[in-house]
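Worksheet: the structure to be examined is printed underneath.
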Amino acid sequence: MADYLLIDGDQAHFLASFGEATVLVQPGTLRASGPATLGGQRLCVLGDEASVSVGGCLYTTSKHSIPGVGALEIAALAADQRAQRPATGGARALLVGGRFTARFVVQSPAMQPPKGPGSPIPDATLHYAGEGFFITTNTKLRGA
């Protein structure tokens, strides 16, 4: 089924639930590298999803109520987010599609309050898996 192609400046939105972690998410922006354009905006091609990194996002877990900080990234695209055609400059274009696999990378761990005197206990998990989706401003060009 045909879906809209992603273009430079389109957004990646992340869901707040990352397994045990709840993240105060912010959208990321795609930077396109494809040679073809639509209305002066470059088309996104396979690999451009790596341009999305949203740092400074707060998170907590059920055990770690003192917020930590990390970055949101796209870990893997869904199969329906890679166009079979059109290709631009020999690379497959990116489509809105369904949900991609996201990764939350801990930069400063959330902390568990101590049960008595002592220091808070840091979250030992270095990354969490979640999901996200794309939103495009392109309402004209579709790919399959």
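The values are calculated or read from the model by the stated rules, or taken from the named source; none is laboratory data. As the structure is a computational prediction, the values presented were derived from the model and not from experiment. Cβ: placed from backbone, ideal geometry, glycine included. Neighbour counts: every protein chain shown.
Computed quantities for the displayed model
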| quantity | calculated |
| --- | --- |
| For Leu30: the one exception among (1) crowded, with 17+ Cβ neighbours inside 10 Å; (2) over 18 Å from Thr137 (Cα atoms); (3) hydrophobic (A, V, I, L, M, F, W, C); (4) touching a helix residue (DSSP H, G or I) at 6+ places or on another chain (Cβ under 9 Å) | (2) |
| Where a residue in region 114-133 is on the phi < 0 side of the Ramachandran plot and outside any loop (DSSP other than H, G, I, E, B) and its partner, wherever it lies, is modelled with pLDDT of 95 or more and of a type in the set (Asp, Glu), with Cβ under 7 Å and at least six apart | Tyr128/Glu20 |
| Options Gly98, Gly143; residue that is more than 25 Å from Val54 (Cα to Cα) and either touching a Gly at 6+ places or on another chain (Cβ under 6 Å) or not basic (Lys, Arg) (or both) | Gly143 |
| Pairs where the first residue, in region 49-75, is closer than 13 Å to His13 by Cα and part of a loop (DSSP other than H, G, I, E, B) and the second is among the acidic types (Asp, Glu) and at pLDDT 95 or above, C-beta under 7 Å, 6+ apart | Val52/Glu73 |
| Among the residues listed as Arg103, Arg92, Arg99, Arg85, the single one being surrounded by 15 or more Cβ atoms within 10 Å (Cβ to Cβ), closer than 21 Å to Thr37 by Cβ and of a type outside the set (Gly, Ala, Ser) | Arg92 |
| Filter pass, Ser17 being farther than 28 Å from Ser119 by Cα and within 18 Å of the chain's Cα centre (by Cα) | no |
| Tally of residues being assigned to a loop (DSSP other than H, G, I, E, B), among the hydrophobic types (A, V, I, L, M, F, W, C) and closer than 24 Å to Arg85 by Cβ across region 1-42 | 6 |
